[in-house]
Amino acid sequence: AYCRTEDLRRWFLTQECALFRFRLDKILTSSSAFRAFLVEADLHFDRVSDLEKERLRDFLLSIPNSNVSPGELSVSVFYQVPFVQALDLVAKRLCYVHDGMAYVPQSRMVSIIVAKYRMALSKSLVRAALSFGEVTEENERIAPLLKS
């Protein structure tokens with residue numbers, strides 16, 4: 001029912017993404033729960049190895065508001081993603097970019113995952129809108145419920 005008009009789709013997307021972000025923020029408190037979520041959601045992001053973290057130490061520590069101290073760098077989790085997937089973080093300078101890859105602290109992965117979710121949900125709502133007319137025409141009993 002929320003796919004009929006652009007305004008309804010936009011409202012639904014906003015609400016669903018806010019709820020998804022809230023739930024994802026809760027998962028981020030546990031690194032193992034976050035990894036389990038990535039596996040279950042079939043999201044593939046490359047973790048930065050300890051060797052590479054040491055090589056990029058100064059750059060990773062210089063990320064603004066990353067809340068990573070020099071002593072915590074070895075236990076902190078960073079992900080390496082194509083920079084085009086992290087454009088909002090790149091624009092706000094909240095990650096380190098090198099050779100086309102963005103190095104993102106785990107705490108900032110939420111925006112990348114929510115963007116992927118938003119894009120998939122938006123496509124699904126558009127597909128649902130295209131088939132909305134067919135459903136209401138085929139089943140007269142459900143049509144009044146969907147239209148109200």
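Laboratory data are not the source of any read-out in this text; all were calculated from the coordinates shown. What you are looking at is a predicted structure, and each value in this text was computed from that prediction instead of being measured. Cβ atoms come from the backbone with ideal geometry, glycine included; neighbour counts cover every protein chain shown.
By the helix-only formula, in which each DSSP H run with n ≥ 4 contributes -39500 (n - 2.57) and the sum is divided by residues, the chain has a 222 nm mean residue ellipticity of -17500 deg cm²/dmol.
Site-free segments of the chain were taken between GluC sites (Glu not before Pro) in DSSP loops having at most 16 other Cβ atoms within 10 Å, sites themselves excluded; the longest one is 1-71.
Compared with the direct C-alpha span, the chain from Met119 to Phe12 gains 37.2 nm at full extension, assuming 0.36 nm per residue. On the basis of the beta-carbon distance and an R0 of 35 Å, Ala128 and Asp46 show a calculated FRET efficiency of 0.55. Can you match Rg and Dmax of the Cα atoms in Å to one of these, (1) 17.5, 52; (2) 28.9, 92; (3) 19.8, 65, based on a calculation from the structure here? Comparing each candidate, only (3) matches the computed number.
About the centre of its Cα atoms, the chain shows a dipole size close to 300 debye [charges on the beta carbon of Lys, Arg (+1) and Asp, Glu (-1) only; nearest 20 debye]. Full extension of the segment from Asn65 to Ser31, taken as 0.36 nm per residue of separation minus the current Cα-Cα distance, would add 10.3 nm.
Put simply, the amide H of Tyr79, placed in the peptide plane, has neighbours under 5 Å in Val48, Val104, Gln106, leaving out anything fewer than 5 places away on its chain. At full extension, Leu19 and Arg57 could sit 10.3 nm farther apart than now, given 0.36 nm per residue minus the alpha carbon distance.
Pairs of lysines in the chain whose Cα atoms sit within less than 24 Å of one another amount to 5, provided the residues are eight or more positions apart or on different chains.
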